[in-house]
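J.: Mind looking over this structure? Questions follow.
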Amino acid sequence: MQEDQKLRSNERVAEIGPADDASLRFIGTIRTPWSDRKDCPRQARDDGPECQLIVDPAWKDALDGLEDYDRIEVLYWLDRSRRDLITQSPRNDGRTVGTFALRSPVRPNPIGTSNVRLVGIEGSVITVRSLDCLDGTPLLDIKPDRCAYSPKALPKTGTLDQPL
């Protein structure tokens, strides 16, 4: 068992079998400077290092229009996280809370989300700041920031809200 998978005092696990009730399609891979969870920031900052979302070329055209946003939501699969904790002691200080009361990567369905600053897009590579996941993390989805109801620039004629 890896060091970060050992139980802390007061933590409990669910007795569950392997997950077999969903199918996801990874759309790419995330590149960050962090290869070990202990080095990865808990909540990334806008002045953190640039990271890349390497989108599978099959999805390149799906990026059209994304450059109009300052911030985007990135969803990713925390593939190295355990999936069976019911309660957690995140700071190992004796305080224990339920998994769903935390933003911990340890969850039944380890989907991570980050609201990141879009730096640029070149081909099918998106450069961002504010990620907090390990290098090689599978990319699930990309969406405009849920608080940004419109792009930073007015839409071009024939796009988004305007008919052709």
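The values are calculated or read from the model by the stated rules, or taken from the named source; none is laboratory data. Just so we're clear, the structure is a prediction, and the values are computed from it rather than from any experiment. Note that each Cβ is placed from the backbone with ideal geometry, even for glycine, and that neighbours are counted across all protein chains shown.
J.: Right, THR137: modelled with pLDDT of 90 or more and surrounded by fewer than 17 Cβ atoms within 10 Å (Cβ to Cβ) or not?
T.: So THR137 fails the test.
J.: To continue, here is another question. Taking region 67-86 as the region of interest, how many residues are over 18 Å from GLY17 (Cα atoms) and either of a type outside the set (Phe, Trp, Tyr) or in contact with a Ser or Thr (Cβ under 8 Å, 6 or more places away or on another chain) (or both)?
T.: Selection size over region 67-86: 11.
J.: Looking at region 99-132, which of the residues that are farther than 15 Å from GLY28 by Cβ and of a type in the set (D, E, K, R) is modelled with the lowest pLDDT?
T.: It comes out as ARG103.
J.: Taking the criterion of being exposed (fewer than 14 other Cβ atoms within 10 Å of the Cβ) and closer than 23 Å to THR96 by Cα, would at least one residue in region 55-74 satisfy it?
T.: no
J.: Give the residues of region 107-140 that are under 13 Å from the mean Cα position of the chain (by Cα), assigned to a loop (DSSP other than H, G, I, E, B) and closer than 21 Å to LYS38 by Cβ, sorted by residue number.
T.: Scanning region 107-140 gives PRO110, SER130, LEU131, ASP132, CYS133, LEU134, ASP135, GLY136, THR137.
J.: Going through region 93-109 one residue at a time, which ones are without any contact (Cβ under 8 Å) to a residue 12 or more places away in the chain and closer than 15 Å to ALA14 by Cβ?
T.: The one that is without any contact (Cβ under 8 Å) to a residue 12 or more places away in the chain and closer than 15 Å to ALA14 by Cβ: PHE100.
J.: Only one of these is among the charged types (D, E, K, R), surrounded by 11 or more Cβ atoms within 10 Å (Cβ to Cβ) and within 14 Å of LEU78 (Cα to Cα): ARG31, ARG12, ARG8. Name it.
T.: Within the list ARG31, ARG12, ARG8, the selection yields ARG31.
J.: Let me ask another. Scan region 3-48 for residues that are over 20 Å from LEU102 (Cβ atoms), modelled with pLDDT under 90 and hydrophobic (A, V, I, L, M, F, W, C) and jot them down.
T.: ALA22, LEU24
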